[in-house]
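For reference, the structure discussed in these notes is given below.
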Amino acid sequence: MLIAIAVLLVHLPAVPQTSIAIATAAVSDTGSSAVFTPGRIVPGPASAAPVVPTSFSLPLSAPNAFLPPVYRAPVKPRSEQPSRRLWLTLTIAQSSAATFDAWSTRRVISSGQGRELNPLLQPFAGNASLYAAIQVSPAVLDYVGRRMMKSRQGWARHVWWLPQVLGTTAALASSAQNLHVASGAQ
């Protein structure tokens, strides 16, 4: 099977990759039979007249008769393509904000001034596993943002950054609330 595919994909040219000298003999008798010489539009004599090569010759290329035309998808201008670097920057910012939220939450809980209100994070609030558990939300939002960036839907490609920005904003707002509670001001 692989050999058959290789034979179909790798073809040898039917004409060797050499150059053919162009005949320079002119037709002297218009009544005699004439043949077309490769590379010339004007017919040459059909007799066995010697062909005198010129100082230049035409290179022959491999025939492309058996290759179907290749259609490429239009390339978007660089300014319209979403930036992977921007996605990565938003990913780092969101993970950093979530880590800061975990640190401020642990600070409030250890001081005894507050408790974790998120029921999904309550089992992790008493120990350092909170840092790993709180990274689940940024990972999910990063995945959603990446899928939106590569989506076929135009609206999704224009707002792919929104899940990451909202996740970062929520983590920073929670951190600010935690620091406000930890400072004792209410």
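The values are calculated or read from the model by the stated rules, or taken from the named source; none is laboratory data. Small disclaimer: the values here were computed from a predicted structure and weren't measured. As a convention, Cβ positions derive from the backbone with ideal geometry for all residues, glycine included, and neighbour counts pool all protein chains shown. We work out accessible area using only protein heavy atoms, side chains counted, and drop any ligands, DNA or RNA first. Shrake-Rupley method; radii C 1.70, N 1.55, O 1.52, S 1.80 Å.
With +1 on each Lys and Arg Cβ and -1 on each Asp and Glu Cβ, and nothing else charged, work out how big the dipole of the range 92-186 is about its Cα centre, in Debye to the nearest 20.
On the way: 8 positive and 3 negative charges, 77 e Å.
In total the dipole reaches around 360 debye.
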Heavy-atom accessible area of S95, protein chains in place, probe 1.4 angstrom, given in Å² to nearest 10, is 30 Å²
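Where nothing but the Cβ of Lys and Arg (+1) and of Asp and Glu (-1) is charged, how large is the charge dipole of the range 101-149 around its Cα centre, in debye to the nearest 20? Mind showing how you got there, number by number?
Details: 5 positive and 3 negative charges, 7 e Å.
Value, rounded to 20: 40 debye.
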Ordered by packing density, taken as the mean number of other Cβ atoms within 10 Å over each peptide's residues, highest first, how do 177-184, 162-169 rank?
162-169, 177-184
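Loop only by DSSP, 14 or fewer other Cβ within 10 Å of the Cβ. Give me the trypsin sites (Lys or Arg not before Pro) in the range 80-175 that pass, ordered by residue number.
Details: sites: R84, R85, R106, R107, R115, R146, R147, K150, R152, R157; in loops: R115, K150, R152.
For trypsin sites (Lys or Arg not before Pro) across the range 80-175 that sit outside H, G, I, E and B with at most 14 neighbouring Cβ atoms in 10 Å, the list reads R115, K150, R152.
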So how far apart, in nm, are the two label points at W155 and A170 if each is 7 Å from Cα heading toward Cβ?
2.0 nm
For V136 and L86 in one chain, what is 0.36 nm times their gap in residues minus the Cα-Cα distance, to one decimal in nm?
16.0 nm
